[in-house]
1. Any residue that is under 29 Å from HIS118 (Cβ atoms) and in contact with a strand residue (DSSP E or B) (Cβ under 9 Å, 6 or more places away or on another chain) - is there at least one of those in region 70-83?
2. Checking TYR145 against (1) open to solvent by less than 70 Å² (accessible area, probe 1.4 Å); (2) closer than 20 Å to GLU187 by Cα, which test does it fail?
3. Can you tell me which residue in region 49-65 is nearest to ASN32 (Cα to Cα), limited to those that are outside any loop (DSSP other than H, G, I, E, B), open to solvent by less than 60 Å² (accessible area, probe 1.4 Å) and in contact with a strand residue (DSSP E or B) (Cβ under 8 Å, 6 or more places away or on another chain)?
4. Name the residue, out of ALA37, ALA6, that is over 21 Å from ALA95 (Cα atoms) and either at pLDDT 95 or above or assigned to a helix (DSSP H, G or I) (or both).
5. Being out of contact with any helix residue (DSSP H, G or I) (no Cβ under 7 Å at 6 or more places or on another chain) and within 16 Å of PHE94 (Cβ to Cβ) is the filter; apply it to region 9-34 and report the residue that is surrounded by the most Cβ atoms within 10 Å (Cβ to Cβ).
6. All but one of (1) closer than 26 Å to LEU8 by Cβ; (2) at pLDDT 95 or above hold for GLY224; which doesn't?
7. Take the conditions crowded, with 17+ Cβ neighbours inside 10 Å and either part of a loop (DSSP other than H, G, I, E, B) or modelled with pLDDT of 95 or more (or both) and apply them to ALA203. Does it pass?
8. Give the residues of region 192-212 that are touching a residue at least 60 places away in the same chain (Cβ under 8 Å), over 18 Å from GLN140 (Cβ atoms) and not polar (S, T, N, Q), sorted by residue number.
Amino acid sequence: TSEGVAALSTAENHQAVGGVVLECETDFVARNEDFIALAQRLAEVFLHNAPGADPLSVKTGEHTVGGLIEDAIGTIRENIKLTKAVHLKTDNKFATYVHHDRKKAVVIELAGDAANGHDVGREIAIQSVAFPPEFISKDQVPQAYIDKELEIETQRAINEGKAPDIAKNIAMGRINKEYMKRVVLLEQPFFRDNSKSVEQFMAEEAKSGGGAIKIVGITRLAVGEGENEGA
């Protein structure tokens, strides 16, 4: 199964989200209205139910999730797999975005009291679909990751003809200018205005919204990635 869709269902108060990645074999089926409707129905099931260790056994009315998928397989005549199911609850707020091709979706958990927090969260969700981060802030990047990157970039500079001591300084500069801007959400250039970082965009919006905005968590759902964790 290399095709499929990601689907989300959000509570009216934005404090709970259900999400699934439902995969199939062909793009033709991924665009099938019945298949898309099934994915959306399953997202709604997991809005109200935790997937637990066996999401296929979760009940919805007289059916199980697995039973609904089996029925769809019988009708559509193609292998269908539930590759991810999430049930998220918070005392904060969630903002979500599903990409137009339905193959990627992101849930952002936000804290803070700014009036425009949810709108900002949606912008960050779009950012995270377009440029998937590994971490929210620089302080979350493990030292082991930085050490490995430093080794790679130092060798790269040496290969370019730089002396070892100079190469290390060049490597540190590249980590801050390139690596951190790639893997850390707050350091990334904001997709609507590359002249500012995501962190700068959020600071400006928090000020105009008369409060604070903080990203607490990111959950990503994507076709073809199997089980994946949020940042």
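1. Our first condition is that a residue be under 29 Å from HIS118 (Cβ atoms); within region 70-83, this holds for 82-83.
Cutting the leftovers down to in contact with a strand residue (DSSP E or B) (Cβ under 9 Å, 6 or more places away or on another chain) gives us 82-83.
Yes.
2. TYR145 satisfies all of (1) open to solvent by less than 70 Å² (accessible area, probe 1.4 Å); (2) closer than 20 Å to GLU187 by Cα except (1).
3. Applying the first criterion (outside any loop (DSSP other than H, G, I, E, B)) to region 49-65 yields 55-57, 59-60, 63-65.
Right, trim to open to solvent by less than 60 Å² (accessible area, probe 1.4 Å) and you get 55, 60, 64-65.
Subset that is in contact with a strand residue (DSSP E or B) (Cβ under 8 Å, 6 or more places away or on another chain): 55, 65.
Details: PRO55: 23, VAL65: 19 Å.
Applying the filter and picking the extreme gives VAL65.
4. Values: ALA6 fails: over 21 Å from ALA95 (Cα atoms).
After applying the criteria, what remains is ALA37.
5. Going through the qualifying residues, I end up with THR10.
6. Every condition holds for GLY224 apart from (2).
7. Values: crowded, with 17+ Cβ neighbours inside 10 Å: no; either part of a loop (DSSP other than H, G, I, E, B) or modelled with pLDDT of 95 or more (or both): yes.
Considered against the rule, which asks whether it is crowded, with 17+ Cβ neighbours inside 10 Å and either part of a loop (DSSP other than H, G, I, E, B) or modelled with pLDDT of 95 or more (or both), ALA203 comes out as no.
8. ARG192, PHE201, GLU205, ALA206, GLY209, GLY210, GLY211, ALA212
The values are calculated or read from the model by the stated rules, or taken from the named source; none is laboratory data. Everything quoted here is computed from the prediction, not taken from an experiment. Ideal geometry is used to build each Cβ from the backbone, glycine not excepted, and the neighbour counts take in all protein chains shown. Heavy atoms of the whole protein, side chains included, go into the accessibility calculation; ligands, DNA and RNA do not. Shrake-Rupley method; radii C 1.70, N 1.55, O 1.52, S 1.80 Å.
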